[in-house]
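The values are calculated or read from the model by the stated rules, or taken from the named source; none is laboratory data. Computed from a predicted model, the values in this text were never measured in an experiment. Cβ atoms come from the backbone with ideal geometry, glycine included; neighbour counts cover every protein chain shown.
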Amino acid sequence: MIWGVLQFPGSCDERDALNACEVVGGEARLIWHDERDLGGVDGIVVPGGFSYGDYLRAGAIARFSPAMEAVAELAAAGGPVLGICNGFQVLCEAGLLPGALLRNQELRFICKQADLLVVDGPKSADIERFSAHQQVLSIPMKHGEGRYYAPDAMLDEMEAKGQVAYRYADGHNANGSVRDIAGVRNERGNVVGLMPHPEHAVDPLTGSIDGRKVFEALEGFA
Amino acid sequence: MTGDSTMPRHRELGLTDSEYDLIVEKLGREPNAVELAMFSLLWSEHCAYKHSRKLLGRLPTDGPRVVMGPGENAGAVDVGSGYAVAFKVESHNHPSAVEPFQGAATGVGGILRDVFAIGARPIAVLDSLRFGELDSVRSRHLLDGAVRGIGHYGNSIGVPNVGGEIYFEEPYEHNCLVNAMCIGFAKTEAMVRAAAAGIGNTVVLMGATTGRDGIGGASVLASAELGEGDDAKRPTVQVGDPFEESKVLECCLELLEKGLLVSLQDLGAAGLTSSAGEMASAGGVGIDIDVAKVPLREADMEPFEIMVSESQERMLAVVEPSRVAEVRAICDKWQTGSAEIGVVTDSGRVRILKAGEVVGDMPVEALVDGCPLYDLEPEAPAGWIYGNRQTLAPSADSEATLLALLAAPSIASKQWIFQQYDSIVGSRTVRRPEAADAAVLQLPESGNAIAVSIDGNGRRVACEPYNGTVEAVLECAQNLACVGAEPLGLTNCLNFGNPEKPVPAWQLDRAISGLAVVCEELGVPVVGGNVSLYNEGPDGPIYPTPVVAMVGELPNPAQTAPMGFAKAGDAIALLGPFAPTLQGSELAKQRGELAMGLPEPDVAAVAAACATVREAVRAGRVASAHDVSDGGLACALAESAISSGLGFRADLQDLRERGCSPEEALFGEGTGGFVLSGERTELEALGALVIGEVGSTTIELAAGDRSLVIGLVDATEAWRSLDARAEAVA
């Protein structure tokens with residue numbers, strides 16, 4: 001599988017994401033934000049960082065980039081799209097995922113290891129890969145605007161449809177996310193976004209290798 | 001700039017009358033406003049090192065692994081396989097004391113530019129901070145602002161903050177210290193120097209536009225004491241934009257990788273004045289700069305303002321005329337500015353033009369190297385010149401004493417701080433903050449890893465500047481040994497008081513001597529440094545604070561020891577020439593008993609202990625390694641226990657043979673001690689003294705007639721108590 005990793009001015013974790021895609025057995029290449037053509041990649045990672053400085057609202061400018069138009073098309077066609085941290089914010093701003101990310105409850109940037117629960121998906125064949133992984137993943141989080149929010153009615157609907165992908169384990173919801181939500185997916189399941197950084201959990205020397213499962217879970221959509 | 005209208009302009013700008021006369025002599029006429037502004041900056045302490053340069057000549061700077069030494073934007077050492085690691089520490093003390101968020105943020109921005117200016121990609125940031133006591137509202141405000149500022153800049157630009165150190169001491173109350181360190185990684189052959197070359201080449205200014213921020217920062221803020229009315233100096237603090245820096249960084253690295261630049265220099269203190277002057281000086285050429293071609297934030301800026309502006313996120317490059325279009329196209333790609341503002345000449349002069357008309361014309365030599373260097377007039381103080389404040393009764397029992405030490409803000413866990421920094425971006429961080437004695441970064445490109453430690457206990461240096469500085473260097477060496485690293489090079493930031501006063505002059509003189517001798521004995525070259533003087537408040541000078549940072553190499557990133565114990569049943573041992581006393585210790589501070597004097601470290605014996613520990617860690621013969629530092633052996637053992645969640649029992653009775661009282665054995669401080677854990681036979685084979693065993697949920701310590709038992713839970717609570725106290729800021 002060939003992954004494309006978007007690069008905006010201000011991206012920070014794009015090289016880490018490239019490396020992670022390769023560690024899980026894929027090929028990976030950087031895609032400059034100006035590119036309207038994704039060059040035939042099978043899946044996309046929208047990486048972490050501070051696209052365009054995030055001075056307006058995290059992800060609010062990056063969503064308008066030509067590459068994001070192409071990503072929306074790939075998502076509509078059922079291709080895998082993974083948004084990590086700032087990438088998650090971009091996907092929410094672009095309307096590819098429901099909800100929004102607010103400033104952390106304590107109003108401080110937080111960098112720490114977090115335990116995530118992989119949440120059951122709906123009874124769709126595509127999503128069963130997630131259920132197979134049901135377990136706790138140890139993955140680092142690092143963000144200032146990671147408090148997931150959506151209105152209750154929307155959350156109820158998302159949960160009914162199995163759109164909550166990852167929740168913080170007890171005692172690990174450091175940013176105050178509603179219903180402990182760490183990551184969500186679209187109805188089809190091919191677009192996933194999460195605040196913690198699976199690309200920083202692929203090498204035993206730098207922490208854990210649990211992040212590999214987050215990438216692997218999307219390979220079925222390629 | 002505030003001013004007294006009766007004061008001559010040159011004095012307002014910080015020049016003495018005799019310095020002014022010398023400028024007139026060198027120019028053969030009175031300087032105009034542009035020239036005076038430029039001289040005042042390049043002849044400031046911050047740029048000219050006029051009170052420290054003579055002393056700095058004592059430092060050893062050569063070594064087989066040195067790639068770049070002092071005088072470049074950053075020092076660099078060879079790490080093998082054709083790669084080098086660059087590093088530098090710089091202060092941003094006075095800006096942070098005036099406006100902590102932007103002061104600290106731009107401190108990080110500035111040190112990053114120093115490193116990518118030589119063609120190295122920044123891979124880590126560390127910082128060394130000093131504030132007044134944590135119970136002061138001012139200190140908590142400064143701490144909060146500085147930490148947010150460091151996080152804001154470093155997090156946004158994607159460079160991990162992997163470690164550092166912080167002390168809270170009364171003498172920093174009015175003059176906090178913010179020293180930032182950056183580590184870079186580069187292919188050795190791709191690195192560039194900052195010397196302008198090639199007559200007729202184009203000088204290109206890249207990055208942000210130039211505004212009125214930071215005008216006079218180097219002379220007004222960095223080269224004078226802080227005092228009343230400092231709020232009026234706020235306009236001299238620069239404002240940082242990490243997004244701009246991120247673009248300039250990537251742009252510069254791409255330009256260098258494509259070989260499009262002849263040379264590159266960052267714009268830091270004194271802005272265009274120092275970068276243009278220093279580039280010309282290093283290359284032995286002249287430079288013409290046309291201020292009308294500099295992109296401005298405000299249309300009506302005067303030529304002198306443009307030349308001295310300290311607007312951030314700017315770089316100056318020398319480019320062959322035929323490559324200028326290509327360079328500017330890459331700047332456009334990264335959405336960062338570029339302008340052709342000047343040309344390299346053979347005149348040996350820095351000429352400032354405004355739309356072609358000459359508004360300043362000075363010999364490079366006079367401007368950059370013409371500042372007189374001064375001898376200090378050092379005089380030892382008659383006794384302890386700093387205060388003493390008792391916060392712990394000498395009658396406190398051993399349990400209460402250990403808990404008070406673990407809760408001391410300078411000793412307690414700094415988790416509250418480092419969790420506000422991204423410590424993992426870049427995928428190199430093998431040991432995160434407080435996981436080991438030194439930060440460890442893997443280098444997959446060269447197959448090995450580096451370790452970094454930064455240290456400088458000003459209180460101990462105040463007790464005896466020579467021995468205290470030797471200890472700071474040894475502490476770094478010990479920290480590196482704990483993760484199996486061998487020192488490659490050292491850099492430093494010398495934070496001292498007013499060098500024109502006898503006691504700070506004595507402290508500086510003694511500290512630099514200590515630094516020179518210990519580096520010589522250890523065989524560790526000093527590859528760069530920074531000096532920050534005039535760190536004084538209304539109550540006098542800060543503690544003399546030489547912050548030293550050491551970079552070491554380890555062959556295998558998988559083979560490093562954590563500071564926490566590994567498993568119950570392991571033996572605990574003490575290794576090294578550790579003979580603690582209460583002099584200069586945290587306990588002496590809490591009892592209000594600080595006085596002059598500190599034992600002389602046995603450098604050779606400490607170096608030998610470091611080698612033993614290093615080899616043992618590399619060979620996997622120890623399960624944990626932690627150096628004995630602030631709070632003594634009791635605190636070192638407790639930290640290894642808290643870090644792992646494993647209690648222990650230890651008897652320090654054998655330290656009696658080293659002339660230590662029970663109290664000194666428990667809480668005394670000194671250099672050269674390592675706490676190791678592992679198989680008893682392995683530890684004994686290393687020559688270590690077995691003192692206890694890992695296990696249980698308590699900390700049990702005995703030393704002669706003193707003994708203590710506390711729950712690991714209570715010790716952990718004390719050590720973690722900084723979080724709540726620092727948060728009490730809002």
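Close contacts from the stretch B:12-23, counting a first residue that is modelled with pLDDT of 90 or more and a second that is not in a loop (DSSP other than H, G, I, E, B), with Cβ to Cβ under 6 Å and a gap of 6+ residues or different chains, come to B:Leu15/B:Ser40; B:Tyr20/B:His10; B:Ile23/B:Phe39. Has the stretch A:198-214 got any residue that is of a type in the set (Val, Ile, Thr), away from every other protein chain (no Cβ under 14 Å), within 16 Å of A:Met141 (Cα to Cα) and crowded, with 20+ Cβ neighbours inside 10 Å? Yes, because at least one residue in the stretch A:198-214 is of a type in the set (Val, Ile, Thr), away from every other protein chain (no Cβ under 14 Å), within 16 Å of A:Met141 (Cα to Cα) and crowded, with 20+ Cβ neighbours inside 10 Å. The residue that is surrounded by the most Cβ atoms within 10 Å (Cβ to Cβ), counting only those in the stretch B:320-378 that are without any contact (Cβ under 8 Å) to a residue 12 or more places away in the chain and charged (D, E, K, R), is B:Asp332. Taking the stretch A:132-162 as the search range and keeping residues that are surrounded by 15 or more Cβ atoms within 10 Å (Cβ to Cβ) and in contact with a Pro (Cβ under 7 Å, 6 or more places away or on another chain), which one is farthest from A:Ala217 (Cα to Cα)? Here the residue is A:Ala150.
So that you can scan it fast, the table gives a plain yes or no per residue for (1) touching a Pro at 6+ places or on another chain (Cβ under 8 Å); (2) surrounded by fewer than 19 Cβ atoms within 10 Å (Cβ to Cβ):
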{"position": "B:Ser643", "(1), (2)": "yes, no"}
{"position": "B:Ala650", "(1), (2)": "no, no"}
{"position": "B:Asp654", "(1), (2)": "no, yes"}
{"position": "B:Glu664", "(1), (2)": "yes, no"}
{"position": "B:Gly670", "(1), (2)": "yes, no"}
{"position": "B:Gly673", "(1), (2)": "yes, no"}
{"position": "B:Glu684", "(1), (2)": "no, yes"}
{"position": "B:Ala688", "(1), (2)": "no, no"}
{"position": "B:Gly704", "(1), (2)": "yes, yes"}
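Hey, could you check the stretch A:26-58 for residues that are within 12 Å of another protein chain (Cβ to nearest Cβ) and in a strand (DSSP E or B) and say which is surrounded by the most Cβ atoms within 10 Å (Cβ to Cβ)? Here the answer is A:Gly49. Considering only the stretch A:147-159, I want to know if a residue exists there that is within 14 Å of another protein chain (Cβ to nearest Cβ) and of a type in the set (A, V, I, L, M). No - not one qualifying residue is present in the stretch A:147-159. Within the option set B:Gly107, B:Gly145, being within 16 Å of the chain's Cα centre (by Cα), among the small types (Gly, Ala, Ser) and either within 14 Å of another protein chain (Cβ to nearest Cβ) or surrounded by 24 or more Cβ atoms within 10 Å (Cβ to Cβ) (or both) holds for one residue only, B:Gly107. Does B:Arg53 meet the test of being surrounded by fewer than 19 Cβ atoms within 10 Å (Cβ to Cβ), farther than 25 Å from B:Leu494 by Cβ and in contact (Cβ under 8 Å) with a residue 12 or more places away in the chain? No. The residues of the stretch B:121-134 that are more than 13 Å from chain A (Cβ to nearest Cβ), surrounded by fewer than 24 Cβ atoms within 10 Å (Cβ to Cβ) and in contact (Cβ under 8 Å) with a residue 60 or more places away in the chain, listed by number, are B:Glu133, B:Leu134.
Restricting B:Ile352, B:Ile330, B:Ile289 to residues that are modelled with pLDDT of 95 or more and part of a helix (DSSP H, G or I) narrows the list to B:Ile330. Please work out which one of (1) within 12 Å of chain A (Cβ to nearest Cβ); (2) more than 23 Å from B:Met315 (Cα to Cα) is the condition B:Gly158 fails and give its number. Every condition holds for B:Gly158 apart from (2). With respect to A:Val5, is the statement that it is within 25 Å of A:Ser208 (Cβ to Cβ), buried (at least 16 other Cβ atoms within 10 Å of the Cβ), at pLDDT 95 or above and β-branched (Val, Ile, Thr) true? When the stated conditions are applied, A:Val5 passes them. B:Val34 meets the stated requirement of being farther than 24 Å from B:Gly497 by Cβ, in contact (Cβ under 8 Å) with a residue 60 or more places away in the chain and over 27 Å from the mean Cα position of the chain (by Cα).
Of all residues in the stretch A:9-25, those being more than 10 Å from chain B (Cβ to nearest Cβ), closer than 20 Å to A:Cys85 by Cβ and in a loop (DSSP other than H, G, I, E, B) number 1.
Residue under question is B:Gly107, and the condition is that it be under 28 Å from A:Glu14 (Cβ atoms) and part of a helix (DSSP H, G or I); does it hold? When the stated conditions are applied, B:Gly107 passes them.
Listed here are the residues, each with its yes/no results for (1) within 14 Å of chain A (Cβ to nearest Cβ); (2) in contact with a Leu (Cβ under 8 Å, 6 or more places away or on another chain).
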{"position": "B:Ala393", "(1), (2)": "no, no"}
{"position": "B:Thr401", "(1), (2)": "no, yes"}
{"position": "B:Arg428", "(1), (2)": "yes, yes"}
{"position": "B:Ser453", "(1), (2)": "no, yes"}
{"position": "B:Ala477", "(1), (2)": "no, yes"}
{"position": "B:Ala481", "(1), (2)": "no, no"}
{"position": "B:Pro487", "(1), (2)": "no, yes"}
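Filtering B:Pro544, B:Pro580 for residues that are outside the structural domain of B:Thr681 (by TED's automatic domain parsing) and not aliphatic (A, V, I, L, M) leaves a single hit, B:Pro544. Do we have A:Gly79 as more than 14 Å from chain B (Cβ to nearest Cβ), touching a Gly at 6+ places or on another chain (Cβ under 8 Å), modelled with pLDDT of 95 or more and surrounded by fewer than 23 Cβ atoms within 10 Å (Cβ to Cβ) here? It is true that A:Gly79 is more than 14 Å from chain B (Cβ to nearest Cβ), touching a Gly at 6+ places or on another chain (Cβ under 8 Å), modelled with pLDDT of 95 or more and surrounded by fewer than 23 Cβ atoms within 10 Å (Cβ to Cβ). Looking only at the stretch B:556-564, decide whether some residue is in a strand (DSSP E or B), crowded, with 23+ Cβ neighbours inside 10 Å and either touching a residue at least 60 places away in the same chain (Cβ under 8 Å) or basic (Lys, Arg) (or both). Within the stretch B:556-564, none of the residues are in a strand (DSSP E or B), crowded, with 23+ Cβ neighbours inside 10 Å and either touching a residue at least 60 places away in the same chain (Cβ under 8 Å) or basic (Lys, Arg) (or both). Among the residues of the stretch B:64-87, none qualifies, meaning not one is aromatic (Phe, Trp, Tyr), farther than 24 Å from B:Leu260 by Cβ and free of Cβ contacts under 8 Å to residues at least 60 places away in the same chain. Taking B:Asp361 as the residue in question, decide whether it is over 20 Å from B:Arg212 (Cβ atoms), of a type in the set (Asp, Glu), in contact with a strand residue (DSSP E or B) (Cβ under 7 Å, 6 or more places away or on another chain) and not assigned by TED's automatic domain parsing to the domain that holds B:Gly110. Yes.
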